[in-house]
Amino acid sequence: MKRIISIGGGEIRNKTTLKIDEYIANLAKIKAGDKRANALFIGTASHDSMPYFNSFRKTYTSVFDIKAEVALMVYGEMDVEKIKGKIENADAIYVGGGDTMYMLSKWKELGIDKMLIKAYEEGTIIAGLSAGAICWFADMYTDSEMMNGGDEYVFRKGLGILNGLMTPHYNERVIDFDKNFLESNFKKAYAIENDCAVEFVDGVMTGAVSAGGNAYLIEKENGTIKKTKINEL
C-alpha cells in the first residue's frame, strides 16, 4: 500500500497539527510492527532548520514515542549514502515546509527525489506540510518565487507521483488561488487549509484528517468555482 498525507499548513511547534501528527504516528507504528517506529524528518525546504527538526522531535518522540531521525542535505553535513540509509530505514518520512523549488532542486542535484519515490513505492508512509505536501503532485501552486524576490504565486511542476494540482494554505490564499485557477487551463485542484490534511492511498484520495481546517476539491463549472468539501476519514 502506497500512502501520502498532504498537510495544508499549520505549526508543529505549537502543536496545531497534533491530530494529524497522531494519525501519521499511528500509521508508522502499524508499519513498524513489533519494533519501535522510526520517522525521518527532511527539512530541505527550510534549509535544514534544526529548530524545525527539534519541534518535530518534540511531537513525534515526546508525545508519540517514535524515534525521530533527520536527513541533512543543504550544508554537506551528511553524505548521500548516509541519507539513503536513513530513507531506507524509515517507517514514515515527514517533509517540512519552506521554499518548494529550492527543495526540489536540491533533491534532484543529490538524487534524493528518486530515493523518496522508491521509498513511497515500497510502502514507506510519506507525509509533509506545505512544500512537503505539494511536491508530490503533478502541479503545484507555490509561493517559492515570493520567497526569492517575486510578488505573486505561480503554478509549477511537482514530482508527479500524484495526479492533479494542489495548493496548501488555502484559507490564506483563497482569493488569489480562485482567480488564478479560473484563468488557468486546469480543470480541478485540491485546496487544503492550514491544520488539515488529505490522504492518498495508491494514488486515490481517501479523505481528510482535520485538526481544525478543511480541504476542498475545486472544479470549474460554467465559468465559476465549484467547491466540494472533502469528507473526513
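Structure data summary
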{"quantity": "Sole residue being in contact (Cβ under 8 Å) with a residue 24 or more places away in the chain, closer than 24 Å to Lys2 by Cβ and open to solvent by 10 Å² or more (accessible area, probe 1.4 Å), chosen from Gly207, Gly164, Gly212, Gly223", "calculated": "Gly164"}
{"quantity": "All positions within the stretch 70-103 that are closer than 30 Å to Tyr153 by Cβ, open to solvent by 30 Å² or more (accessible area, probe 1.4 Å) and touching a residue at least 40 places away in the same chain (Cβ under 8 Å)", "calculated": "Met101, Tyr102"}
{"quantity": "Leading residue by the ranking (most open to solvent (accessible area, probe 1.4 Å)) among those in the stretch 183-204 that are in a strand (DSSP E or B) and within 23 Å of Thr16 (Cβ to Cβ)", "calculated": "Tyr190"}
{"quantity": "Options Lys157, Lys106: the member that is surrounded by fewer than 21 Cβ atoms within 10 Å (Cβ to Cβ) and closer than 27 Å to Ala39 by Cβ", "calculated": "Lys106"}
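The values are calculated or read from the model by the stated rules, or taken from the named source; none is laboratory data. Note that the structure is predicted; figures quoted are calculated from it, not measured. Using ideal geometry, Cβ is built from the backbone for each residue, glycine included, and neighbour counts are taken over all protein chains shown. Note: accessible area is taken over every heavy atom of the protein model, side chains too, but ligands, DNA and RNA are not part of it. Shrake-Rupley method; radii C 1.70, N 1.55, O 1.52, S 1.80 Å.
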